[in-house]
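Below is one structure; the comments refer to it alone.
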Amino acid sequence: MKTILVLGAGQGGIVTARELSRHSGNEEDINLVKILVFEKEETNVYSPSLPWVMVGKSKQQEITERSDKLQASGLEVIRGEIENIDPENIALTVNGKQYKGDHMVVSLGVEQADIYNLDQFGFNFFTLKGAQDFYAELKKFDGGEIAILVSSLPFKSPAAPYEAAMLIEDFVRKNNLPKSTNVSLYTPEAGPMEFAGAEASRELKELLEKKGIKYFPNHELKAVSGNALEFSNGETYDYDLLAYTPLHQLPEVIKKSDLAGNSEWVDVDNKTLQTKFENVYAIGDITHVTAENGSVLPKIGVFARQQAAVVAHNIGRILSNQKPDQTFVPEGKYFIEAGEGKASETGGRFSATGKNEVKMKTPAQWGHFSKWWDEKFWFFKNF
């Protein structure tokens, strides 16, 4: 029996494992392939919903599930910290025990780290606890300066800070906080979601302006104190409540392996997602993937899911003694929460023509419902 090692049970890992089960011919009582999923976290968090948690629109039990409830024929979830990855021999060590396989899919996601002692002054809303703690403070907030800070580049879910800003603005207005209350967003980016192209970036910026959100691009953090943010351009801004994105980096266990590339991420074939090691693949936020126009792809869950489906399909073909016949095409859609119970469908293709064909639709209630439904269906389908 062939064994496939799936490292990580985030969105990419889950799709990989379930699709592998389907493509490998596994059935309820007959398993042709063993699929081992390795995950250190006890709880699976649906991270696209964290901005809702920041403003009390979602609760922990609505966006989490136990990792060991992941289900598919032939699948086993192994809890523990991955101590070593040996891609040359398609092996890894967890809790002192070595596991070997015939194929390996690495989908560990980014490792978050604190910089400038930000955790002493604000809330990391890329974690469940940080989002919950921010909401606890927001409920007590009686007015002043609210800062949303992008602390470094790149970071996953590049729409999240913009969603957070618009949802917080909506909360401020609906809860009748003083009119002197301001929501400001500071980022090193030259514009919102530049990867999506000039048109979508401009439309998102205009949406922020319509809502009265102060936007400060090209602001690279230099230092932070208990009441002020200092930037490398010499500007300093006061704040009363701070939410921030942490540093995103390659997990240490990958850095120690031979998977880390010159890009400081895992370099893969842009179409097959295979690493420099045969039968070893990497997907999702840890990868360095470029579109045919040369642009580096953003770290978005929709791409992780697509990459997972391609890799699982092709491994299934290999197991059946057939040639892989699918390639990854960077296209898809996602929904950007805009407050007022509305969201904007944003999507398209990162094209080969040198111009990204990404469009952002006017925020609407159906967009918000679609994002809500994506969350519910994710748990229904996978757990």
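So the values come out like this:
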quantity	calculated
Intensity falloff of the chain expressed as log10 I(q)/I(0), Debye formula with alpha-carbon point scatterers, at q = 0.09 Å⁻¹	-0.53
Histogram of C-alpha separations across the range 112-248, 5 Å bin width, %	2, 10, 22, 25, 22, 14, 5, 0
Cα gyration tensor category, rounded, prolate or oblate, for the range 194-293 with a/c compared to 1.5	oblate
Residue 252 paired with residue 278, simple spin-label distance in nm, labels 7 Å along Cα-to-beta-carbon	3.4 nm
Burial ordering of 360, 166, 54, 1, fewest other beta-carbon atoms within 10 Å first	1, 360, 54, 166
Choice from 16, 245, 346 with maximal GNM fluctuation in the chain (Cα, 10 Å cutoff)	346
Cα centre as origin, Lys/Arg/Asp/Glu Cβ charges: the chain dipole, Debye	880 debye
Two-site FRET efficiency, residue 22 against residue 323, from Cβ-Cβ distance with R₀ of 22 Å, rounded to 0.05	0.70
Cα-based shape type of the range 309-379, given that a ≥ b ≥ c are square roots of the gyration tensor eigenvalues and the cut on a/c is 1.5	oblate
Two-site label geometry, residue 153 and residue 194: point separation in nm, points 7 Å out along Cα→Cβ	0.4 nm
Gain upon complete extension [residue 260, residue 76; 0.36 nm per residue less C-alpha separation]	63.5 nm
Antiparallel %, DSSP beta bridges [both residues in the chain], to 5	50 percent
Fraction in percent of alpha-carbon pairs per bin - 10 Å, the range 97-149	17, 38, 18, 15, 9, 3
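Values quoted throughout were computed directly from the atomic coordinates according to the rules given, and no laboratory measurement underlies them. Since this is a predicted model, take the numbers as computed values, not measurements. Cβ coordinates were reconstructed from backbone atoms using ideal geometry, including for glycine residues, and neighbour counts include every protein chain displayed.
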